[in-house]
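Below you'll find the structure, written out as structure tokens, and then a few comments.
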Amino acid sequence: MSKLSLDRVLQSQGFGTRKYCRALIDDGDVAVNGEVHDNYKTLVETDGLVLTVFDEEWVYREHVYIALYKPSNFECSRKPSHHPGVLTLLPEQFTWRDVQPVGRLDHDTTGLLLMSDDGPFIHAQSSPKRHIPKVYQATTQDPVTQALVDQLLSGVQLHDEPAPLAAQSCVQRDDHQLEIVLEQGKYHQVKRMLAAAGNHCVALHRSQIGELTLESLGLHEGEWCYLEQAQLELLVPG
Ligand code: URA
């Protein structure tokens, strides 16, 4: 159980600066569990709290864990340069809460992207030591051959890597389609591994992280959802 003043609660949920949050409360735009409160000093129990701000309901969350179906032509970087950032696909509150992508997908890669404002969670999920398998569908420029599959499974040497990197699994899905499972999460890893093996990746999609599949979330491109505890427990090392 923890109690916070209403202005702090609103600020923690990403509704803006403390000053702005106080103004929202003063103006009667904020309800706590359905009841309008216009005193920003009101102490509010955060457990089970539902805020209503401008008639929209928000369940209080100490941290947010989000899955986004990333479309192509969005950048994961904090300061996007050529395309809009992935944060533009989420409500503005999440930018105020400092939600960040967990790892990165290239601007032209589609699929499952995790996002959160929980620093230790981001750190743990992105740590190379955790070996969380990630499943990718890669479309190749040249036809897939058994030799390509074998090479990706036995390991390919990338520039600036001390040792060859191997796919945990690699299965041909079609003439120009591979399903690759990687544990390492190095920069441009799928594309660089395919290039090192003599082919070229023309499209890339991530369908799964740990045991969490994009399909199970029922998202369409550009859509997002909160991840609850049971789904977070699927983000496990292989
Ligand atoms: N590997 C890549 O090459 N790009 C991605 O976006 C993800 C993995």
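The values are calculated or read from the model by the stated rules, or taken from the named source; none is laboratory data. No experiment lies behind these values; they were computed from the predicted model shown. Using ideal geometry, Cβ is built from the backbone for each residue, glycine included, and neighbour counts are taken over all protein chains shown.
Do we find a residue being more than 29 Å from ASP117 (Cα to Cα), over 17 Å from the mean Cα position of the chain (by Cα), polar (S, T, N, Q) and surrounded by 15 or more Cβ atoms within 10 Å (Cβ to Cβ) anywhere in region 184-199?
Yes, region 184-199 has at least one match.
Considering only region 171-183, I want to know if a residue exists there that is among the β-branched types (Val, Ile, Thr), within 16 Å of the ligand (Cβ to nearest atom) and modelled with pLDDT of 95 or more.
yes
Filter region 72-94 down to residues that are hydroxyl-bearing (Ser, Thr, Tyr) and at pLDDT 95 or above and give me whichever is nearest to GLN189 (Cα to Cα).
So the residue we want is SER72.
For region 25-49, which residues satisfy the criterion of being outside any loop (DSSP other than H, G, I, E, B) and farther than 24 Å from HIS63 by Cβ?
ASP26, GLU35, VAL36
Quick one: is HIS159 of a type outside the set (Lys, Arg) and under 30 Å from LEU90 (Cα atoms)?
no
Does at least one position in region 184-194 carry a residue that is away from the ligand (no atom under 12 Å from the Cβ) and at pLDDT 95 or above?
There is no residue in region 184-194 that is away from the ligand (no atom under 12 Å from the Cβ) and at pLDDT 95 or above.
Yes or no, residue by residue, for (1) touching a His at 6+ places or on another chain (Cβ under 7 Å); (2) more than 26 Å from LEU114 (Cβ to Cβ); (3) aromatic (Phe, Trp, Tyr); (4) surrounded by 17 or more Cβ atoms within 10 Å (Cβ to Cβ):
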residue	(1), (2), (3), (4)
ARG18	no, yes, no, no
CYS21	no, yes, no, yes
ASP27	no, yes, no, no
VAL32	no, yes, no, yes
HIS37	no, yes, no, no
GLU45	no, yes, no, no
THR52	no, yes, no, no
ASP55	no, yes, no, no
ARG61	no, no, no, no
